[in-house]
There are 2 protein chains.
Amino acid sequence: MCQLLGMNCATPTDITFSFRGFSQRAGITSDHSDGFGIAFFEDKACRLFVDNQSAVVSPIAELVRNYPIKSRNVIAHIRKATQGKITLENSHPFIRELWGRQWIFAHNGDLHDFNPRLSGKFIPVGNTDSERSFCFLLDQLVVKFGYQEPRIEDIFQVLEEISPRVAEYGTFNFCLSNGQALFSYATTKLHWIVREYPFKQARLIDIDVEVDFSDVTTPEDRVAVITTEPLTDNEEWTAYQPGEMILFQYGQPIKHALTHVERLVREAKDPTLKRVTRADQY
Amino acid sequence: MCQLLGMNCATPTDITFSFRGFSQRAGITSDHSDGFGIAFFEDKACRLFVDNQSAVVSPIAELVRNYPIKSRNVIAHIRKATQGKITLENSHPFIRELWGRQWIFAHNGDLHDFNPRLSGKFIPVGNTDSERSFCFLLDQLVVKFGYQEPRIEDIFQVLEEISPRVAEYGTFNFCLSNGQALFSYATTKLHWIVREYPFKQARLIDIDVEVDFSDVTTPEDRVAVITTEPLTDNEEWTAYQPGEMILFQYGQPIKHALTHVERLVREAKDPTLKRVTRADQY
């Protein structure tokens, strides 16, 4: 299993505070030490740093902790290998271009016997279930929309249909971004929080570091943070419900859906039950 | 215009010596200070570092100079912007996945009015002529081979046919790699050298640094370095002939072709002349 960290912001923001706590889990407060990666979008382009060393010892992680790269969309991942070797090609996040934008994906969970038919447009470079699921999601987006870029809301709708189908194969918690917005989905474990004006103090759980965000922000700032386990112990994190998909843009959730993962899994086992492929909105 | 640096090796090798000299040209010995990038392959995966700061001041370049990442295929680029803004999305090298491998491309030169029809599978993220030409090359490879990965030699043959067609639009010097081999092409300026046993001393031109490779190598090592302008003043660099394409693998040139760029350009101006689209081998 792995841990995920996502950030979506109204204004370009650096992630050094959250990454400082998160990266402790790569060997100090937890044992997610089989590689790490972090991607920072700047408009449509992105910087992707990956290393098969742990985020505790990697010089690349040290750079990320000390070099405040400002971004509106960030996805990070620390790995505890369950499927696939500890090689660079199996390090999340994964990157692909679609519709003239880079897309970044990181996954937490295990998918069993997930070997979908792929068109060939997106082929995994490594051998993880995670990269296969990423290629499958993008492939399905192309099946639906071709090479004409759709609206973010339409992408959300297709992801909302496809994600529970992938989740039938196991645990499927992910963060996905194209630099415009951040799509997140959880079947078992993910938490989110929005920090906005009036900003308060936050204290990391994994390392003795505290920050008063009111000292380092302006009223225009707003930041959504998504993570497997809460990073701070004095803020209120919201747990995703099983099967919940949330779209973040401008530092806040702008669209929710609850896909009925459990029902889908039950129905997959009993094909006489009606399959739900379109989730209810709430 | 820009400057290119490529490295192809028999055994994983670090590029810190060459990059130290090369990156001086990003503001100290030359004015290529509008961003830099470097990509290191590890088997099929790759690490890509890009920054829109110059390689002289960028903390990411500093990391690369000091952190000896070992790789068999490396491509680096320092930019002096002529087309496209100084943004991250216009920083070379560019990355795309094809046939389950990452592909990396960097270009030196200007292409004028090069607006080829693209299928949609590879769409530029930024707005440079360079990224357009990269998308065009990959598109043409898919036209030729579909989603079935061909042999390296077959890829070379297609690149040898297509590259002079792109070169009709201007200057087209490039390095391209999929982690297995490094394809290089020059219409105006590129140099190469192979360092192998018995290794000798090398002295950088751009900074007062000298290394005795016999101290840091084994007889199995062999390294080909490709660069716009020679990096050392006590080694013999070979200049590419106009229209020359060289394929490097295992640290040495394994295939050459001379595409008749000048003839192509002349023929493009005079359509009554026969077009040469298939280069002669030598």
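The values are calculated or read from the model by the stated rules, or taken from the named source; none is laboratory data. Note that the coordinates shown come from a computational prediction; the quantities given were computed from them, not determined experimentally. Because the Cβ atoms are built from the backbone with ideal geometry, glycine has one as well, and the counts that use them run over all protein chains shown. In case anyone asks, the SASA skips ligands and DNA or RNA and just uses the protein heavy atoms, side chains included. Shrake-Rupley method; radii C 1.70, N 1.55, O 1.52, S 1.80 Å.
Counting the residues of region B:82-116 that are over 30 Å from B:PRO150 (Cα atoms), surrounded by fewer than 17 Cβ atoms within 10 Å (Cβ to Cβ) and without any contact (Cβ under 8 Å) to a residue 60 or more places away in the chain gives 5. Scanning region A:21-60 for residues that are touching a residue at least 40 places away in the same chain (Cβ under 8 Å), closer than 20 Å to B:PHE40 by Cβ and within 14 Å of chain B (Cβ to nearest Cβ) yields A:GLY35, A:PHE36, A:GLY37, A:ILE38, A:ALA39, A:ALA45, A:CYS46, A:LEU48, A:VAL50, A:ASP51. On the basis of being closer than 18 Å to B:LEU258 by Cα and surrounded by 15 or more Cβ atoms within 10 Å (Cβ to Cβ), does B:PRO124 make the cut? Taking the combined requirement at face value, the residue does not satisfy it.
Could you list, in sequence order, the residues of region B:133-149 that are within 13 Å of B:SER119 (Cβ to Cβ) and open to solvent by 30 Å² or more (accessible area, probe 1.4 Å)? Within region B:133-149, B:GLN140, B:VAL143, B:LYS144, B:TYR147 meet the criteria. Take B:ASN173 and decide whether it is more than 22 Å from B:LEU111 (Cα to Cα) and surrounded by 18 or more Cβ atoms within 10 Å (Cβ to Cβ). So B:ASN173 does not fit the description; no.
Note on region B:61-95: among residues that are charged (D, E, K, R) and within 10 Å of chain A (Cβ to nearest Cβ), the one that is nearest to B:ARG20 (Cα to Cα) is B:GLU62. Of the residues making up region B:96-130, those that are outside any loop (DSSP other than H, G, I, E, B) and within 7 Å of chain A (Cβ to nearest Cβ) are B:ARG96, B:GLU97, B:ARG101, B:GLN102. Taken across region B:246-265, residues that are at pLDDT 95 or above, open to solvent by 30 Å² or more (accessible area, probe 1.4 Å) and on the phi > 0 side of the Ramachandran plot do occur, with at least one present. Residue check: is B:GLY179 surrounded by fewer than 23 Cβ atoms within 10 Å (Cβ to Cβ), within 18 Å of the chain's Cα centre (by Cα) and more than 14 Å from every other protein chain (Cβ to nearest Cβ)? Against the criterion (surrounded by fewer than 23 Cβ atoms within 10 Å (Cβ to Cβ), within 18 Å of the chain's Cα centre (by Cα) and more than 14 Å from every other protein chain (Cβ to nearest Cβ)), B:GLY179 does not qualify.
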